[in-house]
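Everything below concerns the one structure shown next.
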Number of protein chains: 2
Amino acid sequence: MSVTNNLEGNASNGHPTSAGHLRREALRSRSVAPLHIVIAIYPGGTLLDFAGPSEVFHRLPNTIIRFASREGGPVTLEYGVVFGRTDRLAEIEKTDLLLVPGAPDMTAAMTPEFLAQIRRLAESAKHVTSVCTGSLALAAAGILKGKRSACHWALVNKLAEYGAIPVADRFAEDDNGRFMSGGGVTSGIDFALRVAEKLKGRASAEFAQLIIEYDPAPPFHSGHPRNASPEVIAMVENLLPGATKGLASIPGVR
Amino acid sequence: MSVTNNLEGNASNGHPTSAGHLRREALRSRSVAPLHIVIAIYPGGTLLDFAGPSEVFHRLPNTIIRFASREGGPVTLEYGVVFGRTDRLAEIEKTDLLLVPGAPDMTAAMTPEFLAQIRRLAESAKHVTSVCTGSLALAAAGILKGKRSACHWALVNKLAEYGAIPVADRFAEDDNGRFMSGGGVTSGIDFALRVAEKLKGRASAEFAQLIIEYDPAPPFHSGHPRNASPEVIAMVENLLPGATKGLASIPGVR
């Protein structure tokens, strides 16, 4: 649930701001240029890779979020989930922050057309970011050469094959925040809170965390191979040999 | 990222199962009736309320997930985010598990037509569940009388006004799992892992947690009013008086 519709003067919903010091904050925020975010999605992508970050970003003041894809319109994600209205990437001139989320099948992300669009937007963006295997697309586009980057644990070491520096953490940063990335899927929430702090200040980031009630309490301790049981590790390795070394194979990734 | 497409024999993607004991597990699982899940969404709803749970449920064996809405087709969520293809609720005869997610504006959820559909599906469902303020719709439909239920912290005590028993936790359960509910927004991930354990066993739940890398590491400790700073609490209370007592007012909720 969000309760910020009347607070933020967020241009993506256009509601008015509320009274008092919040209004003054919003007005001050609006007196500077808004933060433009483009989330570049593609067929087969994982919904939660970008649903976490977008939910955080939507609650930041003076922030405009666009979902975009190569063709525009609705995009069929993993499991046949349909998302969007999206804008066409080619119609977006530039953005302050580019986010590329991941997928278990990177075929659509690795097409020359998609890579050309994210390369073009990355060149002028202040911040080039990814969640999950989205970093492999950025790396394949030649944007992450020599840059530290995170990725889903199952494929993080594949980054080296594209010239990036694999970081087996939930968040990675290089060039003082020009490059920021999250690990697999749900890491996008932690990633987005760090991005929010950097770009909009700690109070805004903590406010977003409170509204989305991000006070995690997983019932099991199985969120990373270092903690998972041998039985669950075996399920993964049977399916994706090499995954627990960060070297799984998925379509589209060399 | 999901890497389960080839594993689970999940009827929502139709891929074949992999070799070895995983194949045997999947076959055993398929020898029983699949688990049918309906996620009932509506205009203005919060994407992450159901994107977390659906991402967990999609990774469970022998599970079929349908997104449905009153009108069918695409649904415009909070912040103008468009989701779906959805099915029409009226065309779904029954389901094993009904999930109603939340919204900062419950007007669409509280229409007699939507309430009638979720009441009808709840009557024959084995499990009636919600995330965030979705519990207020279930309660308004008369389904939660005398039942313990969670809700977003900002509105949890409003449940009492509809005859339910407010539980200020991240997860609540009643009638031995016939009723299960999560707190606000991101609570849906923890909720879904508990549901997964109950319905598909602990190994399946832990496997899903590992694949979605749910090893949370929030950079701040601001996910619940009991932890948030006075500055952030003041931001919320200015916007939503009563929220930190669980008694905020939002459209559609008495």
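The values are calculated or read from the model by the stated rules, or taken from the named source; none is laboratory data. As the structure is a computational prediction, the values presented were derived from the model and not from experiment. Here Cβ is always computed from backbone atoms with ideal geometry, including for glycine, and neighbour counts include all displayed protein chains.
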Here is a check on your reading of the model: is B:SER69 within 13 Å of the chain's Cα centre (by Cα) and either hydroxyl-bearing (Ser, Thr, Tyr) or more than 23 Å from B:ALA150 (Cβ to Cβ) (or both)? no
Would you mind stating whether A:LYS198 is in contact (Cβ under 8 Å) with a residue 24 or more places away in the chain and either part of a helix (DSSP H, G or I) or within 10 Å of chain B (Cβ to nearest Cβ) (or both)? no
Looking for something under 21 Å from A:LYS126 (Cα atoms), away from chain B (no Cβ under 13 Å), surrounded by fewer than 17 Cβ atoms within 10 Å (Cβ to Cβ) and modelled with pLDDT under 60 - is there at least one such residue anywhere in region A:23-31? yes
Which of the residues belonging to region B:201-216 are aliphatic (A, V, I, L, M), facing chain A (nearest Cβ under 7 Å) and crowded, with 24+ Cβ neighbours inside 10 Å? B:ALA205, B:LEU210, B:ILE212
Among the residues of region A:135-156, write down those that are crowded, with 24+ Cβ neighbours inside 10 Å and not small (Gly, Ala, Ser). A:LEU136, A:LEU138, A:ILE143, A:LEU144, A:CYS151, A:HIS152, A:TRP153, A:LEU155, A:VAL156
Contact list, first residue from region B:239-254 and on the phi > 0 side of the Ramachandran plot, second anywhere and of a type in the set (D, E, K, R), beta-carbon distance below 9 Å, six or more apart or interchain, is B:GLY246/B:LYS158; B:GLY252/B:ASP105
In region A:82-134, the residues that are away from every other protein chain (no Cβ under 14 Å), in a loop (DSSP other than H, G, I, E, B), crowded, with 17+ Cβ neighbours inside 10 Å and in contact with a Ser or Thr (Cβ under 7 Å, 6 or more places away or on another chain): A:ALA125
Is it the case that region B:172-182 has a residue that's outside any helix (DSSP H, G or I), within 12 Å of chain A (Cβ to nearest Cβ) and surrounded by fewer than 18 Cβ atoms within 10 Å (Cβ to Cβ)? no
Under the condition of being surrounded by fewer than 16 Cβ atoms within 10 Å (Cβ to Cβ) and in a loop (DSSP other than H, G, I, E, B), which residue from region A:218-254 is farthest from the other protein chains (Cβ to nearest Cβ)? A:ARG254
